[in-house]
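Data block below; observations after.
Bear in mind that the values in this text are calculations on the coordinates, not laboratory data. No experiment lies behind these values; they were computed from the predicted model shown. Note: ideal-geometry Cβ built from the backbone for every residue, glycine included; neighbour counts use all protein chains shown.
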Amino acid sequence: MLLVTCPYCGARAETEFACGGEAGIVRPLDPDAVGDEAWADYLFMRTNPKGWLRERWRHVHGCGRWFIAWRHTATDRFGATWRYGDPEPPAPEAVA
């Protein structure tokens, strides 16, 4: 079982959480001035790296709050979790 550390509630089973996708995706400021290609980039294009990725997570079956996490996409290991507004911790070191 994978444990995810909610910054509000502590470590819980992965079944209590839902991933909200890559963090830091910014909606265009002026939607009317954005063309189809820019909208497609905003909606569908993600970095999808093999390694550490910042993601949004929600503690669905707990406090219900959103937070941000560093998660390794190949191993599913969580490096750090933090609340919105808190200083972002550096990316974890490479997994051996």
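Given charges of +1 on the Cβ of Lys and Arg and -1 on the Cβ of Asp and Glu, with all other atoms neutral, how large is the dipole of the chain about its Cα centre, in debye to the nearest 20?
Value, rounded to 20: 460 debye.
All other residues with a Cβ under 13 Å from the Cβ of Gly79 taken together, and with Lys, Arg as +1 and Asp, Glu as -1, what is their net charge?
-1
Once amide H atoms are built 1.01 Å from N in the peptide plane, which residues 5 or more positions from Cys6, or in another chain, come under 5 Å H to H?
Residues meeting the amide H criterion: Ala11, Arg12.
For the pair Val34 and Val60, how long in nm is the line joining their label points, each one 7 Å along Cα→Cβ?
2.6
What is the sum of charges, Lys and Arg at +1 and Asp and Glu at -1, for the other residues whose Cβ falls under 12 Å from the Cβ of Met1?
Spelling it out: positives minus negatives among the neighbours equals -2.
Let me see the P(r) profile for the chain: every Cα-Cα distance counted, bins of 10 Å, each bin given as a percent of all pairs.
15, 41, 30, 13, 1
Quick check: net charge around Ala91, other residues with Cβ under 12 Å of its Cβ, Lys/Arg +1 and Asp/Glu -1?
Once all neighbours under 12 Å are counted, the net charge is 0.
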